[in-house]
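Since the structure comes first, as structure tokens, the remarks are kept for the end.
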Amino acid sequence: MKIAVPAVLLCSALASTTQASFVGWTSTVRSVAGGSLINVFAVVDNSGDVLLSVYGSNAQSPNAGFVTTTSAGGFIQGAGAQGVWAPSGSQSWTTLDSFLTVGGSFSTSTGNFFGNTATSGDPSWNVSYVNTVSGETETANAFAAASNGDGFTNPYINSIPALAGFFLPGGSSTQARDLAVLSGIRSTSSNATAAAGTFGMMIGQFYVADSNSILNLKLGATVRRASGSISQDTFTLTVPAPGAVALLAVAGLTASRRRRA
């Protein structure tokens with residue numbers, strides 16, 4: 001859903017041109033204890049662009065989105081406060097955890113990307129339940145709400161609801177970062193332009209046990225250009241396990257050698 005975009009920005013979107021800005025997704029994959037950490041970035045073509053929201057569209061749209069994994073056990077969550085999809089505290093991409101974020105900060109001293117704790121989940125995360133204490137039917141947003149003793153059980157610990165999105169309330173923004181630090185660990189991208197992109201913002205980390213294809217994603221993003229106009233688009237991304245990436249690289253090298261022979 002694209003509800004995260006303030007009305008004033010939607011008006012700007014109607015007047016936006018075909019100027020490029022949000023060009024696709026790119027990813028990194030790192031082998032860690034228990035599996036792999038995948039980080040996905042929204043790639044833009046200007047350092048002044050800012051990310052406002054990520055969305056799965058809606059069921060009536062041909063661009064209806066999803067985030068899935070073929071890895072056994074689904075997406076793995078961290079302990080304690082990291083047991084939900086909302087980024088916790090000063091959580092960085094070094095933690096063994098799955099979280100979603102609209103951009104965030106970057107430390108030049110450590111080379112770490114950090115989640116943005118202001119990130120909120122849209123209504124697709126809402127779950128109705130009966131409060132066992134009050135007896136009333138209540139609603140919890142499972143993006144940030146942990147299971148509790150009042151009758152709420154979070155159904156999205158190891159998965160993401162269909163069409164779900166996340167955003168920064170109040171039209172706040174997070175500016176693009178230099179993606180040069182991804183050199184050496186960059187994996188697949190949604191297209192060639194995104195693969196070559198040099199600016200972007202982190203939108204999620206996914207901790208999974210290895211399988212053949214460990215992340216399949218189709219999401220849209222809303223980006224505000226430096227000019228003030230809005231760029232929105234939807235792209236797909238498939239991220240294979242590190243071993244599969246190595247095999248693809250070997251296959252590509254072999255094919256290249258054959259063509260030169």
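No value in this document is a laboratory result; all are computed from the given coordinates. If you're wondering where the values come from, they're calculated on a predicted model, not measured in any experiment. Here the Cβ positions follow ideal geometry from the backbone for every residue, glycine too, while neighbour counts run over all protein chains shown.
Rg and Dmax of the range 55-143, Cα atoms, in Å?
16.0, 51
Based on Cα positions only, what radius of gyration and what Dmax would you give for the range 165-215, in angstroms?
Just the Cα atoms of the range 165-215 yield Rg and Dmax of 13.7, 40 Å.
For residue 32 and residue 47, compute 0.36 nm times the residue count separating them, minus their Cα-Cα distance, and round to one decimal in nm.
Roughly 2.3 nm would be gained on extension.
Sticking with the crude label model, points 7 Å out along Cα→Cβ, report the distance from residue 110 to residue 238 in nm, one decimal please.
Using points 7 Å along Cα→Cβ, the separation is 3.5 nm.
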